[in-house]
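Following: one structure in structure tokens, then a few remarks.
Derivation of every value follows stated rules applied to the coordinates shown; laboratory data play no part. In this text the structure is predicted, and so the values were computed from the model without any measurement. For neighbour counting, all protein chains shown are included, and Cβ atoms are generated from backbone atoms with ideal geometry for every residue, glycine included.
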Amino acid sequence: MRSEPQASEVFSKVLIANRGEIAVRIARACRDLGVASAAIYSEADREALHVRHADEAHPCGPPQAAKSYLDIGRILDVAKQCGAEAIHPGYGFLSENAAFAQACTEAGVVFIGPRAPTIRDMGDKVVARRTMQAAGVPIVPGTTETLSDAEATAFARKIGFPVMVKAAAGGGGRGLRLVAREEELEAALKRARSEAKSSFGDDAIYVEKAVEKPRHVEVQVLADRHGHTVHLFERECSIQRRHQKLVEEAPANQMTPKLREEMGECAIAAAKAVGYEGAGTLEFLVDGDGRFYFLEMNTRVQVEHAVTELVTGIDIVKSGIRIAAGEPLDFAQADVGLHGWALECRIYAEDPEKNFMPSPGKIAEFRPPEGPGVRNDAGVAAGAEVTVFYDPMIAKLCTWGRDRPEAIARMRRGLHEYVVTGVKTSLPFHRRVLDNAAFRAGRYDTGFIATELG
């Protein structure tokens, strides 16, 4: 068993620049390492669960994220005032903001994640595609330059429909349009540019050939500053609604040893090509013939990191903190193994019967499931207020089993035991997914919700 570094070898205090379940998760990792944690909270989050889990907590502004969790200057002021040596951005908010990473460096505070140039380059999907292509990582056939509308039209005609119109600065399904026929292209370009401009401040787009009925498979990597890079195998993330993941599992379905090895090697090559440091994820599309293509690189810890932790036994959040402190990875690729199967369901305060409309309000009762093989990463407790200001995900329910059927059985049990009242949740939707025969057989793609659940 690997020994844990002492607190003096890592940091004395880490500021958590986030909220919700990921802030709770980071606080727990800090406590495991013997590192003090400092939370930030907006006026809407004064009584939030992450505030209670941290060793100390500091106000960061009004409820609006732009004036609190996204205010770089304010967050750095808090870090300075409380004596934090490092900042962990979690996911979302400023986690993939190169300007924030650079500002941390300039302020003498360690950013727990990759360096700013890496974030910037991987955040530009066109630059990322060129970089991966040069590194020998397969990319979806398409452009490696941004295009005008006329150029996009000409290229789409050349490669043939269907195509994907994508925002160069995109992410989370925003600025993304599937175009089945040429007559749909003009409107798709307009919508994609408008959405990209409002979401990212950049309306640049590019075009790819659409991979039909793909599976979404990603590979977790860890890389230290001493030249060591390992992958922690893959996750299946194909259960999606509007390109937003809802259910994930590890390992991936229909994975052959050869494909696993090839994808792992490509993920490591990709990380090395950009000089990656920290925890990151390479996302791929896999077609029906087992060919895989680079989709994007997420330069942060993923929402679904827990399923990888469950099947490898490696704490990804703690590893990221150690790497940022200059520690080398204390294991090699040969030491990483897959043990059993894990599933994750993202629990949202949304009403699945009303097209998943957000369901803000006070949580009256919150009783997550327990028992063998169950892990619940929550960002709320009974009495918590779910507001309209932030993402409505309230928890992640994860289960582990010796094999996929056992992991599914435990998830079905967990979903039926889960009690949340006061707000509507996505729990009924998840129960439908887990009861579905195609899901239980492990034979599904990113079109699962449309084809199986309507």
Report task. Give the residue from Cys266, Ile87, Ala223 lying farthest towards the positive end of the charge dipole for the chain; charges sit on Cβ (+1 for Lys and Arg, -1 for Asp and Glu) and the dipole is referred to the Cα centre. Result -> Cys266
Report summary line: Treating only Lys and Arg (+1) and Asp and Glu (-1) as charged, each at its beta carbon, one finds that the stretch 142-265 has a dipole about its Cα centre, in Debye to the nearest 20, of 320
Query raised in the report: Which of Cys60, Cys82, Cys345 comes first, and how do the rest follow, when ranked by fewest Cβ neighbours within 10 Å?
Result: Cys82, Cys60, Cys345
Query raised in the report: Given +1 on the Cβ of Lys and Arg, -1 on the Cβ of Asp and Glu, and no further charges, what dipole in debye does the stretch 287-407 carry about its Cα centre, rounded to the nearest 20?
Result: 160
Report task. For every helix of n ≥ 4 consecutive DSSP H residues, a contribution of -39,500 (n - 2.57) applies; sum these over the chain, divide by its total residues, and give [θ] at 222 nm rounded to the nearest 500 deg cm²/dmol. Result -> -9500 deg cm²/dmol
**Report entry** Hull volume in cubic angstrom per residue (convex hull over the Cα atoms of the stretch 235-381)
**Finding:** 161
Requested in this report: For each of Arg129, Arg413, Arg367, count neighbouring Cβ atoms within 10 Å of the residue's Cβ, then give the residues from fewest to most.
Outcome: Arg367, Arg413, Arg129
Report summary line: With the charge dipole of the chain built from beta-carbon charges (+1 for Lys and Arg, -1 for Asp and Glu) about the Cα centre, the Cα from Met393, Val35, Ser359 projecting farthest to the positive end belongs to Ser359
Report summary line: At the level of C-alpha centres, the distance separating the stretch 118-176 and the stretch 305-346, in angstrom, is 30
Requested in this report: May I ask you to derive the relative contact order of the chain, considering only C-alpha pairs under 8 Å and at least 6 residues apart, and to give it as an integer percent?
Outcome: 14
Report summary line: Counting only residues 5 or more apart in sequence or on a different chain, those whose built amide H sits under 5 Å from that of Ser37 are Val14, Asp55, Glu56
Query raised in the report: Can you give the translational diffusion coefficient of the stretch 7-112 in µm²/s, computed by Stokes-Einstein from the Kirkwood radius over Cα pairs at 37 °C and 0.692 mPa s?
Result: 248
Requested in this report: Return the subset of Lys125/Lys245; Lys125/Lys190; Lys197/Lys396; Lys166/Lys354; Lys166/Lys318 for which the Cα-Cα distance in this structure is over 23 Å, preserving the input order.
Outcome: Lys197/Lys396; Lys166/Lys354; Lys166/Lys318
Report summary line: Assertion target for His88, His228, His58, His50, ordered by fewest C-beta neighbours within 10 angstrom first, is His228, His58, His50, His88
Query raised in the report: If you place +1 on the Cβ of every Lys and Arg, -1 on the Cβ of every Asp and Glu, and leave all else neutral, what size is the dipole of the chain about its Cα centre, to the nearest 20 Debye?
Result: 580
Query raised in the report: If you take the charge dipole of the chain about its Cα centre, with +1 on Lys and Arg Cβ and -1 on Asp and Glu Cβ, which of Gly454, Pro368, Ser12 is farthest toward its positive end?
Result: Gly454
Requested in this report: Pull out the extension gain between Thr451 and Lys213, defined as 0.36 nm times the separation in residues minus the alpha carbon to alpha carbon distance; nm, one decimal.
Outcome: 84.6 nm
